[in-house]
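Input: a single structure, listed below in structure tokens.
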Amino acid sequence: MNNNKKSDADYDWVLPGDKIAVIEEFLPDETCYEQDGSIYSRIVGRVMTDSKKHKISVVPKHPLRSIKSGDIGLGRVEYMKKQIASVDIYHLNKKNISIPISAVLHISEASRRFVKNMYEVTRPGDWLRFRIIRAMKPVYISLIGDGLGVIISYCIQCGYELEYKRRNLLECPNCETTQSRITSKYFGKPLIRNLRPSRNETR
Ligand SMILES: [Zn+2]
């Protein structure tokens, strides 16, 4: 069975206890179980098969159950291009997340005002406070809203932690350059004291 290029509606959605295959065809993983030669789903989700490896599994319907649209999170920018930034979410609704969740920030969600490219918004290593706008994979976040934006930032020249100069403008206490970011009103506030990685990790 080839699952490529299928839309969501084309998948076989199953409930716990639904028969999804027979044991001659596939080996079940932890999302399903075998009984009397048949394989049954343990969870709500869609059936995925790998014919070559004879594997079958059920992908949960809500793999990111803890995330909802509108949730407020904190995360670190991992890499970026002109139009998008990839952000790892470490904190959601004031709780730490054990395994960071990868999310995407698109330039159109960076600010209410026009911004030409992501380099005016943030840089890798920065910490952001954001809102979830798409809770399914790929997760999308927005910086548009009260208190959202960059909360911790590092100098692109020398790596020092930047200081607040004025809204959307930061200054390096070491090399004295000024740099644009879309700043949150919580910039520099200790929102993530326990989360903050060492500079070595950041650079
Ligand atoms: Zn500097």
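FYI, it's all coordinate maths here, none of it is from the lab. Values in this document were obtained by computation on a predicted structure and should not be read as measured data. Cβ atoms come from the backbone with ideal geometry, glycine included; neighbour counts cover every protein chain shown.
So how strong a dipole does the chain carry about its Cα centre when Lys and Arg Cβ are +1 and Asp and Glu Cβ are -1, to the nearest 20 debye?
Numbers: 34 positive and 23 negative charges, 223 e Å.
With only Lys, Arg, Asp and Glu charged at Cβ, the dipole is about 1080 debye.
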Projected area, mean over directions - the chain, Cα convex hull, nm² | 14.0 nm²
List every residue whose amide H lies under 5 Å from the amide H of residue 162, counting only residues 5 or more places away in sequence or on a different chain, with H placed 1.01 Å from N in the peptide plane.
-> 153, 154, 155
When only alpha-carbon atoms count, how far does segment 8-60 stretch along each of its three principal axes, as whole angstroms with the largest first?
-> 27, 24, 16
Kindly put 133, 72 in sequence by how many other C-beta atoms sit within 10 Å of each C-beta, fewest to most.
-> 72, 133
Along segment 23-33, Karplus-curve 3J(HN,Hα) (6.51, -1.76, 1.60; θ = phi - 60°) to the nearest Hz, with x for Gly and Pro, reads 5, 5, 8, 9, 9, x, 9, 6, 8, 9, 9
Hey, how many Å between the Cα centroid of segment 148-187 and the Cα centroid of segment 103-131?
-> 14 Å
Out of residues 5 or more away from residue 101 or on other chains, whose amide H comes under 5 Å of its own, with H placed 1.01 Å from N in the peptide plane?
-> 89
Got a sec to turn the phi values of segment 102-119 into Karplus ³J(HN,Hα) couplings, 6.51 cos²θ - 1.76 cosθ + 1.60 with θ = phi - 60°, whole Hz, x for Gly and Pro?
-> 7, 9, 10, 10, 9, 3, 5, 10, 8, 6, 5, 7, 6, 10, 6, 8, 5, 5
Can you list residues whose amide H is under 5 Å from residue 80's amide H, if they're 5+ apart or on another chain and H is modeled 1.01 Å from N?
-> 86
